[in-house]
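Written below as structure tokens is the structure these notes are about.
The values are calculated or read from the model by the stated rules, or taken from the named source; none is laboratory data. Computed from a predicted model, the values in this text were never measured in an experiment. So basically every Cβ, Gly included, is an ideal-geometry build from the backbone, and we count neighbours across all protein chains shown.
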Amino acid sequence: MLTPNAVLRTAAVCASLFFLTSCATPAPIKPESASLWDKNSELGIPVSAPFDGPEPGESRSINLPSGRNFIVHVPEKYDPEKRWPLVMVFHGWGEEPKAIEGYTEMNAAQAIVVYPAGVEKAWTPAPYAKTTEEEDLKFVADMVDSLRATYAIDDNRIFAAGLSNGGGFAAFLACRMPETFHSIATVSAAYYEGIHKNCSGDPVGRLDMHGTDDPVVEYYGGTRHGTKYDSVSTVMETNRKRNQCTTDVTTMRLVNNALQQTWVGCKAPLQHIRIGGGSHIWPGGRVDDRAEVGKGFATDRVLDFFGVPGRPAGTEDPESGKKTS
């Protein structure tokens, strides 16, 4: 089985030997990427050239022709004969992609996982962003297109997640690119004005996770950088209407002070995890010293919402209390 990298290397060797001899193969090599995508997908056939990505089980930084870049991780058991989920994870303001790759440990997921880099470490439409809405939307579209050209991506399982400014941007993507993203998950998201402006009415799965004692982006809304941001309750009501849920909500205690609310009768799932006393952090991540909700909590909940298997070693199941090996 030829991996995408092996195909690219074979093509390079053939090109260099063209004027000397032909590459001896039983039959002409068909570019592997030609069979990767669903030709009936609403996203269409990719127009990007495949890139030279990492080997299975590894990560690599990829530069696009536009000059923008991202880190991509390929699961250890990647097999191009089946389609894989794509999870895009957006960093917070002032962070590097490598940081959120490290503390979320999202690479344990059985998915293609991508960590994009925001210009000057920020995402639109936050007041401190250096990019326009159109520029960041095009960057995401370019990434998705190039990834679909390179790997066997399941177009019905493309997801976005993010922390703080990155969480707000994930919500923005759900509004502006609902044909691309099946569901999104936000952690301590900054819902600045503009995120839900001109939002599509198409339902998109939504998981929101936020600590009630978040000192940076307050649970009940507020103002930062001279710009208002919405409260969690306002955002959830907006998405309840968008996802056509009833007003009925089921509540379940996951662990300690973490309560999960699930709206009923939705066209697309809608959940909120309220962490009593929680701060501005990826709960249960590597840099969460308190980790009152258990190791790997946020990553487990996000991947569970997306329906993606694979968890970091030592992740505590909030229901059984058991840890992954």
Evaluate the following for K228: is it touching a residue at least 24 places away in the same chain (Cβ under 8 Å), over 12 Å from D208 (Cα atoms) and of a type in the set (D, E, K, R)? yes
Can you pull out every residue in the range 270-286 that is more than 19 Å from V89 (Cα to Cα) and in a loop (DSSP other than H, G, I, E, B)? G276, G277, G278, S279
Within the range 299-318, which residues are among the aliphatic types (A, V, I, L, M) and over 16 Å from A111 (Cβ atoms)? A313
Within the range 89-126, restricting attention to residues that are of a type in the set (S, T, Y) and under 12 Å from the mean Cα position of the chain (by Cα), which residue is farthest from G67 (Cα to Cα)? T104
Against the definition (under 17 Å from the mean Cα position of the chain (by Cα) and in a loop (DSSP other than H, G, I, E, B)), how does A190 come out, yes or no? yes
Subset of the range 57-101 [loosely packed, with under 15 Cβ neighbours inside 10 Å, of a type outside the set (G, A, S) and over 16 Å from G166 (Cβ atoms)]: E58, N63, P65, E76, K77, D79, E81, K82
For G314, state whether it is surrounded by fewer than 22 Cβ atoms within 10 Å (Cβ to Cβ), touching a residue at least 40 places away in the same chain (Cβ under 8 Å) and on the phi > 0 side of the Ramachandran plot. no
Any chance D230 is among the charged types (D, E, K, R) and within 20 Å of the chain's Cα centre (by Cα): no
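Per-residue answers, yes or no, for (1) surrounded by fewer than 21 Cβ atoms within 10 Å (Cβ to Cβ); (2) β-branched (V, I, T):
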| site | (1), (2) |
| --- | --- |
| G211 | no, no |
| G222 | yes, no |
| D230 | no, no |
| S233 | yes, no |
| T246 | yes, yes |
| V249 | yes, yes |
| N256 | yes, no |
| L259 | yes, no |
| A268 | yes, no |
Could you say whether any residue in the range 292-301 is in contact with a helix residue (DSSP H, G or I) (Cβ under 6 Å, 6 or more places away or on another chain) and over 21 Å from A160 (Cβ atoms)? no
E32 passes all but one of the listed conditions (1) of a type in the set (D, E); (2) at pLDDT 50 or above; (3) crowded, with 20+ Cβ neighbours inside 10 Å; the exception is number (2)
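Okay, residues lined up against (1) of a type in the set (S, T, Y); (2) within 20 Å of A161 (Cα to Cα):
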site	(1), (2)
V235	no, yes
T238	yes, yes
T246	yes, no
M252	no, no
V255	no, no
G277	no, no
P312	no, yes
E316	no, no
Filter result for the condition that a residue is in contact with a Gly (Cβ under 6 Å, 6 or more places away or on another chain) and polar (S, T, N, Q), over T238, T227, T212: T212
